1. Residues in the stretch 171-187: is at least one assigned by TED's automatic domain parsing to the domain that holds Ser96, assigned to a helix (DSSP H, G or I) and among the charged types (D, E, K, R)?
2. If Ala148 satisfies every condition in (1) buried (at least 17 other Cβ atoms within 10 Å of the Cβ); (2) in contact with a Ser or Thr (Cβ under 9 Å, 6 or more places away or on another chain); (3) part of a helix (DSSP H, G or I); (4) in contact (Cβ under 8 Å) with a residue 40 or more places away in the chain but one, which is the exception?
3. Looking only at the stretch 207-246, which residues are in contact with a Lys or Arg (Cβ under 7 Å, 6 or more places away or on another chain), of a type in the set (Gly, Ala, Ser) and more than 26 Å from Val135 (Cβ to Cβ)?
4. Within the stretch 100-128, which residues are within 30 Å of Arg88 (Cβ to Cβ) and among the charged types (D, E, K, R)?
5. Report, by residue number, each residue of the stretch 24-55 that is in a helix (DSSP H, G or I) and basic (Lys, Arg).
6. Pairs needed: first member in the stretch 386-409, under 18 Å from Gly420 (Cα atoms); second member anywhere, of a type in the set (A, V, I, L, M, F, W, C) and loosely packed, with under 11 Cβ neighbours inside 10 Å; C-beta distance under 8 Å; at least 6 residues apart or different chains.
7. Determine whether the stretch 379-387 contains at least one residue that is touching a strand residue (DSSP E or B) at 6+ places or on another chain (Cβ under 8 Å), surrounded by 17 or more Cβ atoms within 10 Å (Cβ to Cβ), aliphatic (A, V, I, L, M) and not in a loop (DSSP other than H, G, I, E, B).
8. Within the stretch 10-24, can one find any residue that is of a type in the set (D, E, K, R), modelled with pLDDT under 75 and surrounded by 14 or more Cβ atoms within 10 Å (Cβ to Cβ)?
Amino acid sequence: MRTEVLTRPESEVAGPGPAPETTRWHPATRILFRFGFVSVGLGMAGTWLLHALLRTLGLSLGTVTAIDKWTTLYPLTEWLGTTLFDIRVDYTVTGSGDTAAKWLAAFTVILVAVPVTGVWSVLDRRRTHYVRLVVLFRLLLRFALVSALLLYGMIKILPTQMSFNLERLVEPYGHMSPMAVLWAQSALSEPYEIALGAAEVTAGLLLIVPLTAGLGSVLAVLVALQVVLVNLTFDVPVKLFALQILLYALVLAAPEIVRIVRALLGHDVPARTTPRGNRILVGAQVLLGLWLLVATTVEAYDGWHTYGSARPKSPLYGIWDVTEYSIAGEQVPALVDFRAPTEGKPPGATERFRRIIFDIPQGMTAQRLDDSIVSFPARIDTDQQTITLSRDTAHQWKLATFGYVHTEPGRLILEGTLGGRPVRMRLDQVDLDRFPAVARGFHWVQATPYYR
């Protein structure tokens, strides 16, 4: 099976040119390429790159979402979901990349690629190779990979993807999901998160320029392997896309990996000869790469200041112990009663707050006596010294209204109504230095391991 044409990255530099007359692919190679071009090239990498470019043009989220829905071949996807799997396809954006709609869309693309490949093979049966089309295929994979690596890399370099939340300091380890554990430990060390992002951005930048694309593809394989590993082992819901990214990187890096393996085994590896490139094609690739770099940097910078580590802090920022809690003037002790509350009994473990956490300006988090965590949309008015808790971010369905007073440094009195009942709380601020996770710091010299 002759596939040597597939291992010529220099064709991406030179651009499409006349193919050698002796080039002839095995029939199975031609069929496999057609299927890969339709499913992986157009159906997966092509649609991702289209969405990435649309986002950079400032189109509304609704427009991009609508286009995204059509590129998933949604009428067929919905029919397959109902007919084959007996599930209703929901396209609601949830932040998860592993929704049933996403998996069904990938399945639909692969399924559609089968008959398309068959028809293409019949109509184009006399063609002996696809040397020129390989150039387009690899360009689609390269720039889909570039856009993904730059996006995910920049939101780590400007720590946004894993941002530190105060509640993680008091939430029991066993209450956290595997993904929350991964996010918490990554956010705890910004240099570590930045290093992860730097590796992704470096791979993406190397992939932009054809001359360094081979090195970039090998680095992209290593980066993608690490992402796939943590996504699978920590149940991060981006498994499908991570596997696609790894596939793109492996296809692009295959020629380089073969050369590396041959060199490690002691075989001669001839120097790669690179013909003079098409300057217009190379320039267009560099401009596209720079456009994606600028766009992802701007997107990451906005996210960093909106919900990343540079986001604004609550005016009452900190962790506060609820040292006194009364309902209608009656003191409620900090005693855990896991039974349902009954007449004459103290409130259950989920009704009295143990701690109040103010982190972001538009929210408040409470920890109950059973250590469970509940968050509320909040509006804090520092002029009127009031706190309003609601069910919704528009504050149309109010849950509680409190007035607050600083009686002394590090102490707050909250008084108002919660659930229709008068509630008064005394809050004492917790010194964050009591948590080794944030106070321990870095030490070159340690007499003994600090493990507690």
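The values are calculated or read from the model by the stated rules, or taken from the named source; none is laboratory data. None of these values were measured; they are calculated from a predicted model. Glycine also receives a Cβ, built like all others from the backbone with ideal geometry; neighbour counts cover every protein chain displayed.
1. No, the stretch 171-187 contains no residue that is assigned by TED's automatic domain parsing to the domain that holds Ser96, assigned to a helix (DSSP H, G or I) and among the charged types (D, E, K, R).
2. The number of the failed condition is (2).
3. none
4. Passing the criteria: only Lys102.
5. Within the stretch 24-55, Arg30, Arg34, Arg55 meet the criteria.
6. Ser390/Trp397; Arg391/Trp397
7. Yes.
8. Yes, some residue in the stretch 10-24 is of a type in the set (D, E, K, R), modelled with pLDDT under 75 and surrounded by 14 or more Cβ atoms within 10 Å (Cβ to Cβ).
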